[in-house]
Amino acid sequence: MSLAKKYPKEVKQILAKYPPEHKRSAVMPLLYLAQREGGYITKEAMQDIADTLEISVTDVGAVVGFYTLYHDKKEGKYRMQVCTDLPCALRGADQFMETLCANLGIKVGETTPDGLITLEAVTCLAACDKAPMFQIQSAEGIEYHEDMTVDKTMELIETLKKANVEVK
Amino acid sequence: MSYVLLRHRDIPDINTLNVYKKNGGFEAFKKVVTKMKPGEVTDTVKASGLRGRGGAGFPTGVKWSFIDNKIWPHYVVANADESEPGTFKDREIMESNPFQFLEGVAIASYAVGANAAYVYLRGEFWQVAKFLDEKIAEMEEAGYLGEKLFGTDYSLHIYTHLGAGAYICGEETAMLESIEGKRGMPRIRPPFPAVYGLYGKPTVVNNVETLTNLPMILANGADWYKNMGTPDSAGVKVFSLSGRIRKPGNYELPFGTTFRQLIYEHGGGVLDGRPVKAIMPAGASSSFIVADEKVLDMQMDYATVRTLGADLGSASVIVIDDTVSIDWIINKTIHFFKHESCGKCTPCREGTYWMMHLIEDIRDDKHSTANVDLLLNVARQMQNKCLCPLGEFSTMAVVTGIERFPQDFKESNKQVLTEPA
Amino acid sequence: MTKQVTLTIDGKQVTVPDGMLVVDAAKEVGIDIPVFCYHPKMEPVGMCRQCLVEIGRPMMDRATGKPILDDKGAPKLQFLPKLETACTNPVSDGMVVYTQSEKAKAGQKANLEFLLTSHPLDCPICDKGGECPLQNLTMAHGPGKSRFLYDEKMHLAKNVPLGDLIFLDQERCIQCARCIRFQDEVAGDAVLGFDERGRSTQIVSLSDPGFDSVFSGNTTDICPVGALTTADFRFGARPWELSSSASICSQCPVGCNITFNTRREAMSDGRIVIKRVMPRQNEEVNEIWICDKGRFAYHYAESEKRLSKPLVRKDGKLSRVSWDAAARAAGEAIAKAKKDLVVLASGRLSNEDLFNLKSLADQMEGKAVLYTHMGGGDLVSLVGVGQGTNFGSMGEGSTIVVVASDLYEEAPIWYLRVKQAAQRGATLIVANPRETKLDRFASFVIRYSYGDEVKTVHDLTKKGKIGDAFVKAENAVILFGSDGLGLDGSTALATACARVLSDTEHIGKPNNGLIGVWPRANDQGAWEIGFRPEENLAGALKGKTVYVVGADPAGDNPALAKALNGAEFVVAQDLLETETTKLADIVLPVQAYTEREGTFTSGERRVQRFYPAVPALDGTKPDFAVTSQVAKEAGVILEGTSASVVFDIMAEDVKSFAGLNYARLAEVKPQWPIVGRGDLYYGGTTYENKHGLGAWLSSAAGRSEKFTLPRVQKVEELRPKEKKLLAVPVTKLYDRGVTVESAKLLNQRIGEAFIALHPSAAEQFGVEAGERVKLSLDGVSEDVVVKIDETISTGVVLVPRSMGLPISAPTEASLKVAKKVAVR
Ligand SMILES: Cc1cc2nc3c(=O)[nH]c(=O)nc-3n(C[C@H](O)[C@H](O)[C@H](O)COP(=O)(O)O)c2cc1C
Ligand code: SF4
Ligand code: FES
């Protein structure tokens, strides 16, 4: 179903932000909206956005390809994006990541077998004073988790697991 | 001393409209719209000595005066991309003192004749954007934004626009491309945004912290602000302190505060009581400052830091102690810039990729002199050739690291980062 | 006139228009600054960083605004610490540029080394090898030895199809974005883009079908490395083995200047064959572009259906005879026919061919009939665009009207140039009964109902925004076509157009006048020479001796096949075996235009020469020579040995050709931008035009002759009965015409036969998009797929020409569901 049909209010609000002759500007917010479906953007969704904004689908795809928070493939339901950039690494982010990998039994970039968590290493998230930290990106949006320990993280993952079992 | 920017630390709940209003909120904006001409606002900001907090330190009022008044409409864009590793001040301001920031956006908009302003937030600031949207709605409700403000002919709308994970979008022309719905690739400058900006129209881009200064400057006058800080660098600055430090965090201090004061008085000193080996005063884009007792007593302002062979930039001070080897650091910074290079121009796209291979080889093969020399050579070869400053930034730590800490690149260097406390 | 500025480049003084870029100014004085991303036909982006130079600007005294002088009284120069890009900096007075200083050379060399770190250096197996800017530059200034470890090079896909015509080698791509920008800025089909970023940046196309643009081949010409290649030429030959010969594209009335690259080839039994078609620069015609049809549809001359022996019908069967015998038989039949001779020829033929044919018909007092569905060329002869007309010079002040034509499908390079004129500020009025691709760039879109063409054109002079834009325009051009029209409809339309142009004094001068969007390359030439179409062609053939040349009426329309069968005698002269040659009494095989010389007259009435590119097929002769031989047997003497002499005779005889000759047509003058010469930064090896820019025919208006325009003939309106639809013909670029069908590559793009209906008509007939239905027209039925088009009127069904159904004019049609197929 097209975004305009599924989220009429949101689409209208988004388009209202930009001058009508520059509606191409709405491509980024519309992509976030499309990503609400399963956490990634399908070719059909790109075509839908292209039609809405009267640009080519390649122009939409080129935007998806450029920005790291857009995904064109289905992966883990939750993308756990750990900052391992310089300031965090100076406060142990690399070790944190290593232990996390060991605990989850996956490597950076991989997804847990249950499809719940994709573990990613990302560049600075503007929380350098609260390392180790990560954000969780899911279909619903992005959430920060700061001043983390491995234990606290594993607890969080357990909660996520449980919540998902219940939903199912 | 009371806070100018981090006022939430003095005033609880200043992030609610009522509390903000009770503490003089929006009076500055009302005053400029009802009593001042746009040019007068610009003159006041010029006189205050306010310089841009996004990194380049360009005088804010001067930038506004470049706006081309033959072409309309005008736009204001608030740079809330905050992606420089080590920088986390704008986020605290927006999360905790949002109205003062938004009032700053409004004042700037009036000064340059913009009826629409965009706040460009990095995609990771998803929650912050939602929060700001709420605050903007409250302001509209209360008549501080919208049509015919305070009974005048002036109208203003503020919109948020989320990025989606790209450091380069902090560069102002890449940011404009991004708002236009394109890949965030920088434009050739000139023309500068003041002439050819958003949608090809005259545009002012200012950092969040820069803008958040405005309500207080307009309320208290240019002299009040100019009297803080140093003659070269007026006012106060939020220093983001991170790295091997006991109490990392944001510290709002006047320009001219010394490194020692920041690191020891405010930051509680280095982890494990180790000595400071190096300072990166502007995040990953910094040159290394070799720290010694004399340097620690130097003042943090734009001019003084330049005498140390570095730039103050956005004042994201990363502290490095003697347990950390510089080759390890530049491995991190090179990977960062390689990941963030937009790929538009050749030297940056290829150079960061080449440097990444070299630093990995260096760390694998026990620091062969030939590779270290080549790395230095490649970094220098990139300089002065890139389309935008990102390529340049990527070489700063490499060149100054190898030049200023040669022992860390010797074959004998076995030092690696120790486990943190 | 724009202000001129004077600057110094490498010690040479140059005076150029203000605003010119340093790189172009250097080019003017013969200095080639290396570039990769810069292309003179596109906006500069300064992204490859190859054109780094030192630029000094005179220092100005803020107070006085005068230059500051040094001790010697010379202006003091200010150089930035950074090198600057010559492709993004405009010139200014007193500027001093060093392109060869130590610093500049070091910068260029350093940048080149960066480019090469990711380049596979597979020149020995690269299609661009020999005409590659990167290769040239590397030879000249490149590092001898790579400092980048080979093992660490990126390894990427080398055979990525971007569509069925163009392939990408990801390793060779240097991310200059020329292809993306061409598609976006020049072609207006933004179907290419970058995926990923940084070193992972790659060219992609997400369109469906892939790389969906009729201009796609041009990207392979402007790609400065071998990253983009055509499916046709890749691995086909090495550029240095190729010979070049100048030609004119024969696919549409634009008359694009092209080069045939040829090679003797073992694969083809040691024959010399065409390996590729490349654009040849003519800034007033096609600049440096051609469309994909022109680039890929040249294979038809290699078709297995090529005729190589004269044939004469004996005992009901066609059998081989000598040329003498065939010519004699044909000549006798014609001599016998006298007034009953009908020469039926198409605009595929050259001016020389048509002139000989017309002379023959005149001598016999027979008829010279143009085989076409479109009228009005006689009017174009009166009020055609003036000498010096150039879409490239149209911008603000010019109004371009496009009526009843889909330029993207019918004359792609006009589409491209009209679009660019509109983007430069020309007022574009697009009037068509359905949406066309050009609408996006129009200042005014007029949507009329089929049948209302004439009224729509008359309304151009009415008061109002559109009327003002046309009447008050400094310059105005009308391009008229035959979208939905047959002969009488298009004739009426042409008359209306000629009248409004004449009434508003938009004739007889450059950038003013009428242009026909003809179905064939040389239709206008045929009109000039005196050919005229027949409204009732079938009737006109009955009982006559018909000399059919370069046309296949029998294959196009069963009614015409019947008419030919009822003719007294049929002589068919053609390149290929057709339905018409099959039923003829005599068949005369001719040379392809690639095998001989001649001239075409474009829709803008520019006469241009083409030259032989490959040896003629044994046994064939050029059309004009065949006609001369046949005529001789009929007792008429016509020049038959030299095309240029035929042309000279024609210039004596036909007023609009007066004063022209082959030498005039071969004249060249310097063109801007300079894309040939020593350097290859701007493209391939074939752009340079050394063989002629052609010349304009004069028009009656241009000669200031007195003439009267005919009155517009009222066209009878067809009102289909209930349960019937009005079928109207439209033109498709890739149709089942002989040239596309024989080109393997384009064949894939033809697609299924389709019709288009308004949604409510579809509903009325109970059919849906994607469904297969049977359409019956004048007794012929064909299965076609339904498309829905909301922009047409309800009682109408669009039927593409040359897609299986014979349709030359609006007619009544009935529709039946054939069988249900899955809706996509
Ligand atoms: C690669 C790059 C990244 C940048 N990132 C940021 C950023 O995250 N936030 C910011 O305010 N300015 C950033 N800047 C600086 C902006 O381009 C611009 O100078 C600034 O927003 C101007 O605001 P100011 O005058 O208030 O400092 C960056 C510049 C470059 C070249
Ligand atoms: S320096 Fe890097 S980030 Fe800037 S334009 Fe060049 S490639 Fe892009
Ligand atoms: S940067 Fe000038 S040609 Fe590419």
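The values are calculated or read from the model by the stated rules, or taken from the named source; none is laboratory data. This structure is a prediction, so every number in the text was calculated from the model and none was measured. Because the Cβ atoms are built from the backbone with ideal geometry, glycine has one as well, and the counts that use them run over all protein chains shown.
Descriptive notes on the structure:
- Residues of region B:176-223 satisfying the condition of being among the aromatic types (Phe, Trp, Tyr) and within 12 Å of ligand 1 (Cβ to nearest atom): B:Phe192
For every residue, the table says whether it meets (1) in contact with a helix residue (DSSP H, G or I) (Cβ under 7 Å, 6 or more places away or on another chain); (2) of a type in the set (S, T, N, Q); (3) within 16 Å of ligand 2 (Cβ to nearest atom).
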| residue | (1), (2), (3) |
| --- | --- |
| B:Lys201 | no, no, no |
| B:Gly229 | no, no, no |
| B:Tyr251 | yes, no, no |
| B:Pro254 | no, no, no |
| B:Thr257 | no, yes, no |
| B:Tyr264 | no, no, no |
| B:Pro275 | no, no, no |
| B:Gly283 | no, no, yes |
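- Failed item, numbered, when C:Glu535 is tested on (1) on the phi < 0 side of the Ramachandran plot; (2) at pLDDT 95 or above; (3) not in a helix (DSSP H, G or I): (2)
- Subset of region C:71-98 [within 13 Å of chain B (Cβ to nearest Cβ) and under 45 Å from the mean Cα position of the chain (by Cα)]: C:Lys82, C:Leu83, C:Glu84, C:Thr85, C:Ala86, C:Cys87, C:Thr88, C:Asn89, C:Pro90, C:Ser92
- Residue in region B:360-383 that is crowded, with 23+ Cβ neighbours inside 10 Å, in contact with a Pro (Cβ under 8 Å, 6 or more places away or on another chain) and either free of Cβ contacts under 8 Å to residues at least 40 places away in the same chain or closer than 29 Å to C:Ala104 by Cβ (or both) present: yes
- Considering region B:153-191, the residues that are among the β-branched types (Val, Ile, Thr) and either assigned to a helix (DSSP H, G or I) or within 21 Å of C:Asp195 (Cβ to Cβ) (or both) include one that is farthest from ligand 2 (Cβ to nearest atom), namely B:Ile179.
- Any hit, region C:82-93, residues being within 16 Å of ligand 2 (Cβ to nearest atom), among the basic types (Lys, Arg) and outside the structural domain of C:Thr229 (by TED's automatic domain parsing): yes
- Looking across region C:166-185, the residues that are away from ligand 2 (no atom under 16 Å from the Cβ), of a type outside the set (Lys, Arg) and surrounded by 23 or more Cβ atoms within 10 Å (Cβ to Cβ) come down to C:Ile166, C:Leu168, C:Asp169, C:Cys179, C:Phe182, C:Gln183.
Table: residues versus (1) away from chain B (no Cβ under 13 Å); (2) in a helix (DSSP H, G or I).
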site	(1), (2)
A:Pro113	yes, no
A:Leu125	no, no
A:Pro132	no, no
A:Asp147	no, no
A:Asp151	yes, yes
A:Leu160	yes, yes
A:Asn164	yes, yes
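- Conditions (1) farther than 24 Å from B:Pro347 by Cβ; (2) in contact with a strand residue (DSSP E or B) (Cβ under 7 Å, 6 or more places away or on another chain); (3) of a type in the set (A, V, I, L, M, F, W, C); number of the one not met by C:Val53: (1)
- The set of residues from region C:125-154 being assigned to a loop (DSSP other than H, G, I, E, B), surrounded by fewer than 21 Cβ atoms within 10 Å (Cβ to Cβ) and free of Cβ contacts under 8 Å to residues at least 40 places away in the same chain comprises C:Gly142, C:Pro143, C:Gly144, C:Lys145, C:Ser146, C:Arg147, C:Leu149, C:Lys153.
- Residue that is nearest to ligand 2 (Cβ to nearest atom), among those in region B:337-366 that are away from chain C (no Cβ under 11 Å) and in contact with a Leu (Cβ under 7 Å, 6 or more places away or on another chain): B:Ile359
- Put simply, of B:Phe125, B:Phe150 the only residue that is within 19 Å of the chain's Cα centre (by Cα) and of a type outside the set (Asp, Glu) is B:Phe125.
- Restricting region B:58-111 to residues that are assigned to a strand (DSSP E or B), away from every other protein chain (no Cβ under 14 Å) and not β-branched (Val, Ile, Thr), the residue that is nearest to B:Phe131 (Cα to Cα): B:Ala78
- Among residues of region C:159-193 being among the hydrophobic types (A, V, I, L, M, F, W, C) and under 13 Å from C:Asp212 (Cβ atoms), the one that is farthest from ligand 3 (Cβ to nearest atom) is C:Leu165.
- Looking only at region C:608-623, and only at residues there that are touching an Asp or Glu at 6+ places or on another chain (Cβ under 9 Å) and under 20 Å from C:Asn522 (Cα atoms), the one that is surrounded by the most Cβ atoms within 10 Å (Cβ to Cβ): C:Asp623
- Cβ separations smaller than 9 Å between residues 6+ apart or across chains give the following pairs from region B:254-270 residues that are under 11 Å from B:Val319 (Cα atoms) and modelled with pLDDT of 95 or more to residues that are of a type in the set (Phe, Trp, Tyr) and not in a strand (DSSP E or B): B:Val270/B:Tyr264.
- Residue check, C:Ser101 away from chain B (no Cβ under 13 Å), at negative phi and surrounded by 14 or more Cβ atoms within 10 Å (Cβ to Cβ): yes
- Close pairs (7 angstrom Cβ cut-off, 6 or more residues apart or separate chains): at pLDDT below 95 in region B:333-357, in a helix (DSSP H, G or I) and within 16 Å of ligand 3 (Cβ to nearest atom) anywhere: none
- Subset tally (residues that are closer than 23 Å to B:Phe239 by Cα and in contact (Cβ under 8 Å) with a residue 60 or more places away in the chain) for region B:10-45: 3
- Selected residue [within 16 Å of ligand 2 (Cβ to nearest atom) and either surrounded by 18 or more Cβ atoms within 10 Å (Cβ to Cβ) or assigned by TED's automatic domain parsing to the domain that holds B:Glu172 (or both)] from B:Ser83, B:Ser65: B:Ser83
- The set of residues in region B:171-206 that are within 16 Å of ligand 3 (Cβ to nearest atom) and of a type in the set (Lys, Arg) comprises B:Arg187, B:Arg189.
- Set B:Glu172, B:Glu124, B:Glu147: member being farther than 24 Å from A:Ile142 by Cα and buried (at least 24 other Cβ atoms within 10 Å of the Cβ): B:Glu172
- Flag if B:Arg306 is closer than 25 Å to B:Leu387 by Cβ and more than 9 Å from every other protein chain (Cβ to nearest Cβ): yes
- Once region A:84-112 is narrowed to residues that are of a type in the set (A, V, I, L, M, F, W, C) and over 23 Å from B:Ile318 (Cβ atoms), the residue that is nearest to the chain's Cα centre (by Cα) is A:Val108.
- Number of residues in region A:49-101 that are within 14 Å of chain C (Cβ to nearest Cβ) and either in a helix (DSSP H, G or I) or within 26 Å of B:Gly249 (Cα to Cα) (or both) equals 14.
- Any hit, region C:472-480, residues being in contact with a Pro (Cβ under 9 Å, 6 or more places away or on another chain) and closer than 22 Å to C:Ala498 by Cβ: yes
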